[in-house]
Amino acid sequence: MRQSEAVKAWRKGPFRWLSREPEVMFGQVREDTSLEESIATGRILCIASGGDLAFTCLAAGATNVVAIDVNPAQIYLVELKVAAFRRLEYREIVGAMTRDARPFYGPLRADLSEDARNYFDTRPRRLARGLQNAGKIDDSIRRLMRVFHIFVHPESRVRRLLEKGDLVGWSSRRWRAALGLLLHRTTLTAIFGKRFGEAAPTGYAGDFRIEMERVLRDLPPQTNPFAWQCFSGQYPPGILPSWLTEEGVQEVKRNLSRLQLRVGDIIELLAESGAESFDRIYLSNILDGASPEFKEGLAKAMAQALKLGGDAVSRSFFPGRSGLEQFCKTSLVRQDANGHPDRSFFCRYVEVFECRRSTVSSVTPLRSRPTYIGRSS
C-alpha cells in the first residue's frame, strides 16, 4: 500500500473525526499480551500500534517480527522508538519512553525516514509526555481523567487506590453512571463509527464495570501497570513492561535487526508473503466492527500464510466470537485460565483461530457458549 493509499484508508477509518491526516492514536498498547508473549516463537506478524507487542516478541526471542499498521503515523512512532533503542543508554530509553522524549529527539532524528522526520518535526508536543503517551487517545484519556477527578473520584481518592489498593466506596453511583455514559452504544458510535457502535452488545457498560472492578479487587492495583497507566498515565514505582526492563531492553537491542515495519493492509501483506510464511499472527482490535467481507478475506489470507501448526490470536474490545468462525475453526480462550492473569481493562476477549492444524495445546478453550471473561460459563 502506497503512502497516499494509506492516507485514503485513514480518511475512511474510525478516527477520521480527530484529524483529516494520519496521526499517532496510540502511544502504547493497553492490552495485557502475556499470553502472546508466552508463545512468541518463530516468525510473527502483529499490528504495530504503539510497538509494545512487537518489542515484547523481540525480547522473548522471536526469529522475525513484522509489525504492520494501516496508519502511517503509528509506524513513525515505532521508528522513533527503534531509534531510541539503537542510540540511547538504558536510563535514557526509559526517560524517552515514559517522561519526555524531546531532549533525545535531535540525536534520534537522523535514524528516521523522511516521512517520520517531517511528522515529528512539526509535532514536538507529541514527545512531551514520553513516547508511551504520545497518542491522541492518550491525550483523551488524560483529559477524561481531569473530568473524572472533578465529577467522580478526586485525585486523592485515585492515589489511595493505586498506592494502597483501597477500594472502599469506589463503586459509587457516580462511578457507575460515568462508565454507563462513556461505554453507551451512542457514545461508542460517535467516537469510533456506526459499525463499531453496533458491535457493542446490550449491557456492555455494566459488564465492563464488573470486569474492571474484578481486576482491581483480585490483582493488586499497587503493582498493576495497566491500572496505573489508565488512571495516572504513569507506571508503578519500580515496575515496567517486560520489554522496557533492563534485561528486556538488552534483548530488544540485540534483536532489532529481526524487526520489519510495514504501512499497509494486513490482507494484502499476507497475500504477498506467500504460503506458510508465519508461525504466529497477532491481531489487536481490528475485528470489532469489521465488515463480513474483511473477515472472510482475512480468514482466507491467514489460512494461506500460516505455517502448519501455526495460530492466529486476536484480542477484541467486545466479548463473543468475531465472525471468523464461519471460515475457520476458532476457540474463545481465557487468558487467566492459562496461567497469565489479565491485568488490563481493555481487549480482554481472546480468540484463537486455528486456520491450519494447531499445536498450542496450552491454550484452554471455553467449553460453553461465549461469555464475558470472569463471569460464570
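The values are calculated or read from the model by the stated rules, or taken from the named source; none is laboratory data. Since the model is a prediction, treat every value here as computed from it, not as a measurement. For neighbour counting, all protein chains shown are included, and Cβ atoms are generated from backbone atoms with ideal geometry for every residue, glycine included.
Tell me, please, whether a residue that is hydroxyl-bearing (S, T, Y), over 30 Å from S172 (Cβ atoms) and touching a strand residue (DSSP E or B) at 6+ places or on another chain (Cβ under 6 Å) can be found in region 91-101.
No, because not a single residue in region 91-101 is hydroxyl-bearing (S, T, Y), over 30 Å from S172 (Cβ atoms) and touching a strand residue (DSSP E or B) at 6+ places or on another chain (Cβ under 6 Å).
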* So G197, is it outside the structural domain of Q28 (by TED's automatic domain parsing), touching a residue at least 60 places away in the same chain (Cβ under 8 Å) and farther than 27 Å from T98 by Cα -> yes
* Asked: In region 55-64, is there at least one residue being buried (at least 18 other Cβ atoms within 10 Å of the Cβ), among the aliphatic types (A, V, I, L, M) and at pLDDT below 95?
  -> no
* Kindly provide the set of residues from region 329-365 that are surrounded by fewer than 19 Cβ atoms within 10 Å (Cβ to Cβ), at pLDDT below 65 and over 23 Å from the mean Cα position of the chain (by Cα), ordered by number. => R357, S358, T359, S361
* Scan region 316-325 and give yes if some residue there is at pLDDT below 85 and not in a loop (DSSP other than H, G, I, E, B), otherwise no. => yes
* Hey, which of the helices (runs of 4 or more DSSP H) in region 102-161, taking only ones fully inside, have at least 2 residues that are over 18 Å from R86 (Cβ atoms) and touching a residue at least 40 places away in the same chain (Cβ under 8 Å)? -> 114-121, 136-151
* Asked: What about A83, is it over 20 Å from the mean Cα position of the chain (by Cα), crowded, with 20+ Cβ neighbours inside 10 Å and at pLDDT 95 or above?
  -> yes
* Structure fact -> Per the list (1) at pLDDT below 95; (2) part of a helix (DSSP H, G or I); (3) exposed (fewer than 13 other Cβ atoms within 10 Å of the Cβ), residue check on T187 breaks on (3)
* Asked: Restricting attention to region 277-317, which residues are among the hydroxyl-bearing types (S, T, Y) and under 20 Å from G264 (Cβ atoms)?
  -> S277, Y282, S284, S291, S314
* To do: Scan region 271-291 and give yes if some residue there is buried (at least 19 other Cβ atoms within 10 Å of the Cβ) and in a helix (DSSP H, G or I), otherwise no.
  => no
* Structure fact -> V65 vs (1) over 20 Å from the mean Cα position of the chain (by Cα); (2) assigned to a strand (DSSP E or B): all pass except (1)
* To do: Give the residues of region 256-270 that are in a strand (DSSP E or B) and of a type outside the set (D, E, K, R), sorted by residue number.
  => L259, Q260, L261, V263
* To do: Could you please give the count of residues in region 99-131 that are of a type in the set (D, E), in contact with an Asp or Glu (Cβ under 8 Å, 6 or more places away or on another chain) and within 18 Å of L244 (Cβ to Cβ)?
  => 0
